[in-house]
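Take a look at the structure set out below.
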Amino acid sequence: MAIHFDDHNLRASMVGAEHGITGAELREAVPTAREALRSFRKGFEEGRYGFPSLPSDTTTIQAIQHYAQEQAGSYDTVCVVGIGGSALGAWALDCALQGPHPVQSKGHPRLVVLDNIDPAFLRLALDSMNPRKTLVLPIAKSGSTAETAATFLIVREWLTVALGRKAPRRIAAVTTEGKGDLYALAVREGYRVFFLPENVGGRFSVLSAVGLLPAALTGLDVRKIGKGAAAMTRLCWRDDLETNIALRAAMLHHLVWTRKGKSIQVAFPYSNQLWGAAFWFRQLWAESLGKARDRAGNLVHAGQTPVAALGATDQHSQAQLYMEGPNDKVFTFWAVRRFADPGRIPRAKTGFAAFDYLTSQTLARLIEAERRATTAALTNELRPNCTFTLDRIDEGHIGGFLQLMEFETAFLGELLHIDAFDQPGVEAGKRFTFGLMRRPGAKQYRASFEEYEAKRARAETRSPARADA
Ligand code: PA5
């Protein structure tokens with residue numbers, strides 16, 4: 001597994017001192033970065049942070065592989081019912097290693113991720129699956145998320161209508177051991193259950209059963225994913241900033257964000273296979289680093305807005321803004337050194353200039369040229385940018401890359417002195433939903449929502465504007 005990090009275009013020497021990091025700033029930041037590593041390591045050793053241990057949990061990996069072998073041949077679809085951290089990791093792995101929809105590799109069961117409660121979307125999804133050929137995976141760390149619970153009730157009934165008392169055999173849940181209502185329901189109905197450790201938060205759980213169970217059931221080699229992640233974990237504990245690229249990237253992203261005002265980070269993969277990972281990363285970065293208070297309780301409203309853009313496609317959609325709009329972004333390119341198929345362009349000439357210079361070249365060469373061209377153009381406009389390059393896309397590299405992103409996020413949390421592992425803002429929305437949907441015990445949230453509605457009613461002086469043709 002080899003992943004490289006090129007940070008030259010974050011430097012003042014390339015984009016000027018107003019937008020880039022000077023040598024003095026870098027020298028000053030190094031001891032602080034090492035301190036962030038030490039403090040995260042301490043939290044890990046005290047058992048507060050569990051994601052670094054996931055790749056070495058071979059017992060879980062073996063249990064998942066065993067279950068996948070038992071089920072082999074009995075299904076053609078794996079249906080994940082989950083949301084946020086309980087869905088995005090499975091999608092990121094699937095997109096990277098089976099290919100983005102609708103061009104997935106043939107021969108493996110397909111993955112359907114039900115991570116929204118749009119009723120039309122759910123109906124289309126159910127109509128596309130055969131209940132006799134589907135394994136259903138309800139995934140929720142808390143075991144009580146409203147979207148997951150509601151969708152699962154519908155999918156469970158859909159299975160039961162087709163399979164009767166055999167339906168529970170087609171369900172495997174992932175949740176917290178001994179806690180929550182999904183766990184209780186699974187035990188009562190006899191589902192197979194996998195667990196994620198309590199000290200692993202949803203968005204850091206891709207390398208637990210949350211991401212690996214769907215991956216194994218759709219034919220991926222989860223042992224190789226774990227191996228790549230374990231190799232990266234070893235590097236991420238080193239205090240040498242040449243090999244610990246997670247710490248290096250955290251230090252530089254922190255500087256460019258807090259000293260140069262880059263409040264937006266564009267994650268810019270030049271690979272459709274990494275598009276799912278870009279969406280997974282958006283959640284990781286936003287939910288972990290967007291916090292009202294620091295650990296001392298001071299109001300800080302920290303956060304860098306993550307944006308996902310796809311190269312080369314978004315050069316024709318976003319690049320104008322990126323080149324000429326506000327200089328408030330840092331760009332992080334995700335490149336692939338060797339594509340599985342270079343995409344050879346045929347030799348035959350057409351006699352037309354727009355086509356003939358491309359003949360005998362490859363799409364891999366073209367996409368790389370476009371990435372380098374975009375990088376150069378942004379740098380010339382003094383827009384700081386950096387690049388992660390994966391040697392290739394396979395299980396080991398994806399496992400390593402996802403673990404690298406998680407470590408970088410954790411280190412940045414330390415540099416900002418915030419708790420990167422809680423999500424009070426998400427919980428607030430969840431509680432209002434419970435109140436509105438009349439969940440027992442959530443009366444006070446309904447009352448506070450009603451206060452909001454009363455305030456709104458007082459403020460409303462006219463009915464909403466409407467376009468009615
Ligand atoms: O990262 C997180 O903790 C959240 O985004 C959760 O993953 C999300 O809210 C879903 O929670 P649960 O797994 O409890 O259904």
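The values are calculated or read from the model by the stated rules, or taken from the named source; none is laboratory data. Being a predicted model, the structure only gives us computed values, none of them experimental. All Cβ positions, even for glycine, are placed from backbone atoms using ideal geometry, and neighbour counts span all protein chains on display. These accessible areas exclude ligands, DNA and RNA; they are computed on the full protein's heavy atoms, side chains included. Shrake-Rupley method; radii C 1.70, N 1.55, O 1.52, S 1.80 Å.
Evaluate the distance, in nm, between pseudo-label points positioned 7 Å from the Cα of Arg337 and of Glu453 along their respective Cα→Cβ axes.
According to this spin-label approximation, the distance is 5.9 nm.
Please work out how much length the chain gains when fully extended from Asp76 to Lys179, using 0.36 nm per residue of separation minus the C-alpha to C-alpha distance, in nm with one decimal. All intermediate terms of the calculation are to be shown ahead of the outcome.
Values: separation 103, 0.36 × 103 = 37.08 nm, distance 3.10 nm.
Length gained between Asp76 and Lys179: 34.0 nm.
What is the set of long-range amide H partners of Asp419 at a cut-off below 5 Å, with H atoms built 1.01 Å from backbone N?
The list, which skips near neighbours in sequence, is Arg295.
May I ask you to give the percent of accessible area on region 402-456 that is carbon plus sulfur, with a probe radius of 1.4 Å?
57
What is the gain in length, in nm to one decimal, between Ala465 and Asp356 on full extension, counting 0.36 nm per residue of separation less the C-alpha to C-alpha distance?
Answer, rounded to one decimal: 33.8 nm.
If each of Ser317 and Arg234 carries a label point 7 Å out from its Cα toward its Cβ, how far apart are those two points in nm?
Those two pseudo-labels are separated by 4.0 nm.
Among the aspartates and glutamates, which have Cα under 17 Å from the Cα of Lys224 when same-chain residues fewer than 8 positions away are ignored?
Here the aspartates and glutamates satisfying the reach criterion relative to Lys224 are Asp57, Asp94, Asp391, Asp394, Glu395.
Check Arg192: other-chain or 5+ apart residues with amide H under 5 Å from its amide H, H built from backbone geometry?
Under 5 Å from the amide H of Arg192: Ile171, Ala173.
Using θ = phi - 60° and the Karplus relation 6.51 cos²θ - 1.76 cosθ + 1.60, list the HN-Hα couplings for region 61-69 in order, rounded to whole Hz, with x at every Gly or Pro.
4, 5, 4, 5, 4, 5, 4, 5, 5
With a 1.4 Å probe and all protein chains in place, put Tyr445, Tyr270, Tyr452 in order of accessible area, largest first.
Correct descending sequence by accessible area is Tyr452, Tyr445, Tyr270.
Ignoring ligands, DNA and RNA, please state the percent of accessible area on region 86-178 from carbon and sulfur, probe 1.4 Å.
Working: 2440 of 4320 Å².
Answer for region 86-178: carbon and sulfur cover 56 percent of the accessible area.
When you count, for each residue, the other Cβ atoms within 10 Å and take the mean per peptide, how do 167-177, 254-264, 67-77 rank with the highest first?
167-177, 254-264, 67-77
Can you give the accessible area per residue of region 51-220, in Å², using a 1.4 Å probe?
Each residue of region 51-220 exposes 42 Å² on average to a 1.4 Å probe.
Quick one: with all protein chains in place, what share of the accessible area of region 272-348 is carbon or sulfur, to the nearest percent (1.4 Å probe)?
Reported share for carbon and sulfur atoms: 51 percent.
Any idea how far the Cα center of region 47-100 sits from the one of region 202-267, in Å?
Region 47-100 and region 202-267 have Cα centres separated by 16 Å.
Calculate, for Met437 and Arg38, the FRET efficiency according to 1/(1 + (r/R0)^6) with r their C-beta to C-beta distance and R0 51 Å; round to the nearest 0.05.
Numbers: r = 45 Å, r/R0 = 0.88.
Once the sixth-power term is evaluated, E becomes 0.70.
So which of Lys106/Lys166; Lys227/Lys291; Lys291/Lys430; Lys141/Lys291; Lys166/Lys443 end up more than 26 Å apart, counting from Cα to Cα?
Lys106/Lys166; Lys227/Lys291; Lys166/Lys443
Summing +1 for each Lys or Arg and -1 for each Asp or Glu, what net charge is found among the other residues whose Cβ lies under 15 Å from the Cβ of His66?
With Lys, Arg at +1 and Asp, Glu at -1, the net is -1.
Could you give the length gained on full extension between Ser144 and Ser128, defined as 0.36 nm per residue of separation minus the Cα-Cα distance, in nm? Intermediate values should be presented prior to the final figure.
Numbers: separation 16, 0.36 × 16 = 5.76 nm, distance 2.67 nm.
My answer for the length gained is 3.1 nm.
Just to be sure I understand: of the beta bridges DSSP finds with both ends in the chain, what percent are antiparallel, rounded to 5? Mind showing how you got there, number by number?
Numbers: 7 of 40 bridges.
Bridges in the chain are about 20 percent antiparallel.
Got a sec to turn the phi values of region 216-228 into Karplus ³J(HN,Hα) couplings, 6.51 cos²θ - 1.76 cosθ + 1.60 with θ = phi - 60°, whole Hz, x for Gly and Pro?
So the J values, rounded to whole Hz, are 5, 5, 9, x, 8, 8, 6, 5, 5, 4, x, 5, x.
If you scale each eigenvalue of the Cα gyration tensor by 5 and take the root, what three semi-axes come out for the chain, rounded to whole angstrom and sorted largest first? Before the final figure, lay out each step's value.
On the way: eigenvalues 261, 175, 127 Å².
Taking √(5λ) for each eigenvalue gives 36, 30, 25 Å, largest first.
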